[in-house]
Amino acid sequence: MKKKTLSLALAFSLVFALVPFTTATTASNIPVAQFNGFIAPIDNTVPVDAIRISTAAELAAIGGGENAGRYYVLNNDIRLTEEWVPIGAFHGIFDGQGYTVSNLYVLDRNSVLSAGLFAEITKNATIRNVGVNVGVLGVSAYHPVVYFTTLDYSTYSGGLVGKNNGGTIINCYVTGVISSSNGHPRSSFAGGLAGQSNSGTITNCYATGDVFIPSIASSFSYRVASAGGLIGQSNDSIITNCYATGDISVFSDSQFVNSYAGGIVGFIKDGTMTNCYATGRVSASAYVLGNSAATACAGGLVGYGDDGSITVSNSYATGAVVSESNYRIESIKSYWPFYAGGLIASYHNNCRININNSFYSSQAIIGNTEKSLGNYLVSWALEGIMTAVAQGFVPEDIQSDFTNTITRAEFCRLAVKWLEYKTGKNIDAILAQQGVSRNPSAFTDTSDSDILAAYALGITSGSGNNQFNPGGQFNPEQAAGMIRNTCKAAGMDVGNVANAGFADMSAASSWAADGINFCANSGIMGGTGNGNFSPKLEYTREQSILTFNNIKLT
């Protein structure tokens, strides 16, 4: 059935916080796995010479050769009734117009090196606006045992495409199980959407099925078994506005085969990943023989980063991550090459990785985390902090280690950045507008420009004796007072200081009552349970960021 619901572009504008939230987030409203409808087709201008496809036979007739370079459109949903022979070497345009191809299956009993609706798409190819529902028999590439050969018998499995060699995939989705079966391939790759992508572009796509490589027993040294929720292996590709929700697992039966599993991509070399998320469980296991072992890498987004440059931005993962050996041998524990990471499990020494505004929230990460990359956030904080970072008011130096207690200097810088965000002016313009200026002699222990600006605006005061104590730790009553002062500097009404009714207000400092009552009455800060505010507890970076994120911009 043709579906026209929420677009992924709009969906990710919600996921990655391009609009403000005004209440604290909880585990129940983290925006994961919520987009299960298809998207509105784009670019519906169909040339008059386009070939219209209405039946499975017409779809199969695309084949290869001259037909593979034509412009095709689906006229309706198509349900396949027999095992599919993947369309080979496609380099034309295929526009599904929002329709689906269902009951796709490619069995592992046949020698199909590249399995999917399309075996391969090449440069200049575009596939868009189509959904693929994989049948209960699944899609699995396979090659039988071949010993002592120099030929490449690697296998590639994807619901839409086995291998994407320079093509563009946009506004597509896949449901159903994908695998790449055993035998003796050189390597094996499986992804919910595509087994492999080389210099490809993948935009506004998702996959919801499990992806697994059950066993690889290669006689060749240092081969790869790699599975990803979206792409098994990605080389110099651009992945944008995509997600995957299935469980990912890779199991190796050879000390020569490295296992890589990732929520989005199993193995990546060069390329970018932007506005992506994964929610499934990711696991990789490798074989141990004597004192040697293959490597197993399981990551919330990426299993392994090869050499080159990799950038991950505005992305997150929430699933459990497990990397382990099939057989635990004490003699190799000093090496123990089984890596697990919330975002990226491990990477080549020559790999240059940039992670921007990207986080994981899994509390189940099992394996060696020595080379793990990513910033941890508890699940209830995930959405709010990504919102705040996307809005640009979180200083870079506190965009990590979120459970650390925030310092006085850090909170000051956060307050100034939020004030700039709220007013749309830089801090110098705000100072000039209010007729105040920084006093370089205000404190003897700091000359930080943001601290001096906050002092000039009445947001903060010192700790006494011309000291500010910039490294001093912060607590909730101090936070409440500074937030009220920051809101006042922003021109907001801060007069709502009626008693909020906390049972432990007697434990608060006398000067703190107005700040605490204002923040509580305005929905900016809440209590700690049992009617208490706990004014003297330590206050963390994540709590501070979420508190500013909770201020209603009115």
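The values are calculated or read from the model by the stated rules, or taken from the named source; none is laboratory data. Quantities reported herein were computed from a predicted structural model and do not represent experimental measurements. Using ideal geometry, Cβ is built from the backbone for each residue, glycine included, and neighbour counts are taken over all protein chains shown.
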- Considering only residues of the range 248-283 that are at pLDDT 90 or above and in a loop (DSSP other than H, G, I, E, B), which is nearest to T201 (Cα to Cα)? I264
- Message: Looking at T486, T446, can you tell me which residue is over 16 Å from T407 (Cβ atoms) and modelled with pLDDT of 95 or more?
- Response: T486
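Each row is one residue, and each column tells you yes or no for (1) at pLDDT below 90; (2) among the β-branched types (V, I, T).
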{"residue": "N110", "(1), (2)": "yes, no"}
{"residue": "P144", "(1), (2)": "yes, no"}
{"residue": "G159", "(1), (2)": "no, no"}
{"residue": "V177", "(1), (2)": "no, yes"}
- Being of a type in the set (G, A, S), out of contact with any Leu (no Cβ under 8 Å at 6 or more places or on another chain), touching a residue at least 24 places away in the same chain (Cβ under 8 Å) and buried (at least 18 other Cβ atoms within 10 Å of the Cβ) narrows A456, A479, A490, A503 down to just A479
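To keep it simple, each residue is scored yes or no on (1) farther than 21 Å from Y539 by Cα; (2) in contact with a Ser or Thr (Cβ under 7 Å, 6 or more places away or on another chain).
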{"position": "R413", "(1), (2)": "no, no"}
{"position": "L419", "(1), (2)": "no, yes"}
{"position": "L431", "(1), (2)": "yes, yes"}
{"position": "R438", "(1), (2)": "yes, yes"}
{"position": "A454", "(1), (2)": "no, yes"}
{"position": "N469", "(1), (2)": "no, yes"}
{"position": "Q478", "(1), (2)": "no, no"}
{"position": "G491", "(1), (2)": "yes, no"}
- Query: Restricting the first residue to the range 518-546 and requiring it to be under 22 Å from G392 (Cβ atoms) and touching a residue at least 40 places away in the same chain (Cβ under 8 Å), which pairs with a second residue that is exposed (fewer than 15 other Cβ atoms within 10 Å of the Cβ) and among the small types (G, A, S) meet a Cβ separation below 9 Å and a spacing of at least six or different chains?
  - Reply: R541/S400
- Pair list, Cβ < 7 Å and 6+ apart or interchain, from the range 432-447 residues that are under 14 Å from S461 (Cα atoms) to residues that are in a loop (DSSP other than H, G, I, E, B) and among the basic types (K, R): none
- Item | Scan of the range 423-452 for residues that are surrounded by fewer than 16 Cβ atoms within 10 Å (Cβ to Cβ) and among the basic types (K, R), ordered by number | K425
- Item | Enumeration of residues in the range 302-325 that are of a type outside the set (S, T, Y), surrounded by fewer than 24 Cβ atoms within 10 Å (Cβ to Cβ) and either at negative phi or in a strand (DSSP E or B) (or both) | D306, D307, G308, A320, V322, E324
- Query: When the range 488-532 is examined, which residues are found to be over 24 Å from G384 (Cβ atoms), part of a loop (DSSP other than H, G, I, E, B) and hydrophobic (A, V, I, L, M, F, W, C)?
  - Reply: V497, A498, A503, A508
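This table checks each residue for (1) in a helix (DSSP H, G or I); (2) modelled with pLDDT under 85.
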{"residue": "K371", "(1), (2)": "no, yes"}
{"residue": "W380", "(1), (2)": "yes, yes"}
{"residue": "E383", "(1), (2)": "yes, yes"}
{"residue": "A390", "(1), (2)": "yes, yes"}
{"residue": "V394", "(1), (2)": "no, no"}
{"residue": "F411", "(1), (2)": "yes, no"}
{"residue": "V416", "(1), (2)": "yes, no"}
{"residue": "Y421", "(1), (2)": "yes, no"}
- Kindly provide the set of residues from the range 92-137 that are outside any strand (DSSP E or B) and either of a type in the set (A, V, I, L, M, F, W, C) or touching a residue at least 40 places away in the same chain (Cβ under 8 Å) (or both), ordered by number. G96, Q97, G98, Y99, L107, D108, L113, G116, L117, K123, N124, A125
- Residue check, G462 in a loop (DSSP other than H, G, I, E, B) and either modelled with pLDDT of 95 or more or within 13 Å of A489 (Cα to Cα) (or both): no
